[in-house]
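Structure record follows, encoded as structure tokens.
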Amino acid sequence: MSLTNVYHLRRVADTSAKSCLICYKPSTSVLITPDNKDFFYVCPAHLQDRHFCSPLVDAEGDAKRQKEEAMAKEIEKVKQEYEEKQKRKKEKAKESSKDEKSADSKDKDKVDSDSKASDEKERDDKIDSIKNAGNETKTENGSRVFELHKTFYQMRIDRLRGIERAKRNQERLKNPSLFPSVPNREL
């Protein structure tokens, strides 16, 4: 039996929380091997413990996180630009309304309101396109990879071997040829 010392962090629902391997408190974090042979629940605080496990560098995950951060910054930048444009337009509208109160100002207000609506729609479309691009690359935030330290890894291997040994023993006990037969006494 070979078990790789690579565990992926997964989250489960709060209703599925089970006791942590270390402290026995309810936890929703699960460490699982890629081949699904072994898994156990662990508290997020124990994942930070350098004597329990160490995170493996995940180049793809780091690249995705950096891309998501860049998208968030770009969205924030677009929002700020839009707010600045709106402030400028309001100031211009106030100045123009003070200067002109004739029919021409009414026509300009219509044009301004149309341009505001088109600017708002343009801004919303741009933000939606950025969010959609961000959602496509967005994966589970906790998909980190860990490597257990040798004592905990050996403990997991011993546990799996014990389970296999118990299964073999149960199968042997079910086999009637395992037990010796009653001796025959012939006189």
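The values are calculated or read from the model by the stated rules, or taken from the named source; none is laboratory data. Small disclaimer: the values here were computed from a predicted structure and weren't measured. Here the Cβ positions follow ideal geometry from the backbone for every residue, glycine too, while neighbour counts run over all protein chains shown. Note: areas computed on protein heavy atoms with side chains; ligands, DNA, RNA excluded. Shrake-Rupley method; radii C 1.70, N 1.55, O 1.52, S 1.80 Å.
Quick notes
- Residues that are open to solvent by 80 Å² or more (accessible area, probe 1.4 Å), over 30 Å from PHE152 (Cβ atoms) and either within 17 Å of the chain's Cα centre (by Cα) or of a type in the set (Ser, Thr, Tyr) (or both) do occur in segment 50-67.
- Looking across segment 1-38, just one residue is open to solvent by 100 Å² or more (accessible area, probe 1.4 Å) and among the β-branched types (Val, Ile, Thr), and that is THR15.
- Unique residue being at pLDDT 90 or above, over 16 Å from the mean Cα position of the chain (by Cα) and among the polar types (S, T, N, Q) when the list is THR15, THR28: THR15
- Residue that is surrounded by 12 or more Cβ atoms within 10 Å (Cβ to Cβ) and modelled with pLDDT of 85 or more, where the choices are LYS89, LYS73: LYS89
- Inside segment 1-24, residues that are small (Gly, Ala, Ser) and within 22 Å of ILE157 (Cβ to Cβ) make up a count of 2.
- Pairs meeting the criteria (first residue in segment 9-25 and of a type in the set (Gly, Ala, Ser), second residue assigned to a loop (DSSP other than H, G, I, E, B) and open to solvent by 50 Å² or more (accessible area, probe 1.4 Å), beta carbons under 7 Å, at least 6 apart or on different chains) are SER19/LYS25.
- From the options ASP114, ASP104, ASP62, ASP109, residue that is touching a helix residue (DSSP H, G or I) at 6+ places or on another chain (Cβ under 9 Å), modelled with pLDDT under 80 and assigned to a helix (DSSP H, G or I): ASP109
- Qualifying residues in segment 131-187 (those that are open to solvent by 90 Å² or more (accessible area, probe 1.4 Å), acidic (Asp, Glu) and farther than 30 Å from ALA70 by Cβ) - the one modelled with the lowest pLDDT: GLU186
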